[in-house]
Every structure is written in C-alpha cells, then in structure tokens.
Amino acid sequence: MKKKNLGIQIVPKSKNQDSYQLVDKAIAVIAASGVKYEVTPFETVMEGPEEKLMAIAKAAQEAVLSAGAEEILVYYRMQIRADKDVSMDEKTLPHKH
C-alpha cells in the first residue's frame, strides 16, 4: 500500500470543555496509532496507507465527541501520488533548523 499524507484539523465546539483539551484527545488517538505524525499549530499531519489514516481520523473525531464536544468541524487535506509514496520528510527536512 502506498503511503499518503493526511492533514486533519478538528475544531471542537463546547460550552463546558476547553477546546485545547478536546483537541488533545484527538492527538492522543493519533499518537497511539503508530503512524508517523507531526502536530503543527493548525493541524496534525499523518503518513501512512489511506485506509488506516481515515480510520484514525474517524477515531480521533469520536474521541473529541466522547470527551464532551457538542459539535466538531473537521478539515482534511491529502496528498496522493499514483505511482509512489508521499513522505512528510521530503517536504519538511530541507526547512528544519
């Protein structure tokens, strides 16, 4: 299975819960999944097979709702190549300092 990149941003809406703590629930699901990932200020980017990434994204969404969010907005971005893997490192390593 070819590796792809999936960026996910989950924006929770809750009257009683802190948004950052709710987002932390999603990040914990991603961290426990075993896929390569990177948390950025606006989204978390994962690398792996599409089916696995989408299953992780769904589990992350459910974790935020289960933690008390009344509603979530979810934004996805994917990079897919027909003939080869997509790597987070190929895009970010040249810019690390």
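The values are calculated or read from the model by the stated rules, or taken from the named source; none is laboratory data. Quantities reported herein were computed from a predicted structural model and do not represent experimental measurements. Virtual Cβ from ideal backbone geometry, glycine too; neighbours counted across all protein chains shown. What goes into the accessible areas is simple: the full protein's heavy atoms, side chains included, and nothing from ligands, DNA or RNA. Shrake-Rupley method; radii C 1.70, N 1.55, O 1.52, S 1.80 Å.
Over every Cα atom in region 21-66, the radius of gyration and the widest Cα-Cα span, Dmax, amount to 9.8, 28 Å. List the GluC sites (Glu not before Pro) within region 1-94 that fall in a DSSP loop (any state other than H, G, I, E or B) and whose Cβ has at most 14 other Cβ atoms within 10 Å. Passing both the DSSP loop test and the Cβ count: 70. Once the Cα atoms are used to define both axes, helix 19-33 deviates from the longest principal axis of the chain by about 40 degrees. In terms of overall dimensions, the chain has a Cα radius of gyration and Dmax of 14.0, 47 angstrom.
Taking the C-alpha atoms only, the angle from helix 50-66 to the longest principal axis of the chain is near 10 degrees.
Within the accessible area of region 44-97, what % is carbon and sulfur when the probe is 1.4 Å and the other protein chains stay in place? Its accessible area is 55 percent carbon and sulfur atoms.
For the chain, the solvent-accessible area with a 1.4 angstrom probe is 65 square angstrom per residue. For the chain, the 222 nm mean residue ellipticity estimated from helices alone, with every DSSP H stretch of n ≥ 4 adding -39500 (n - 2.57) and the total spread over all residues, rounds to -12000 deg cm²/dmol.
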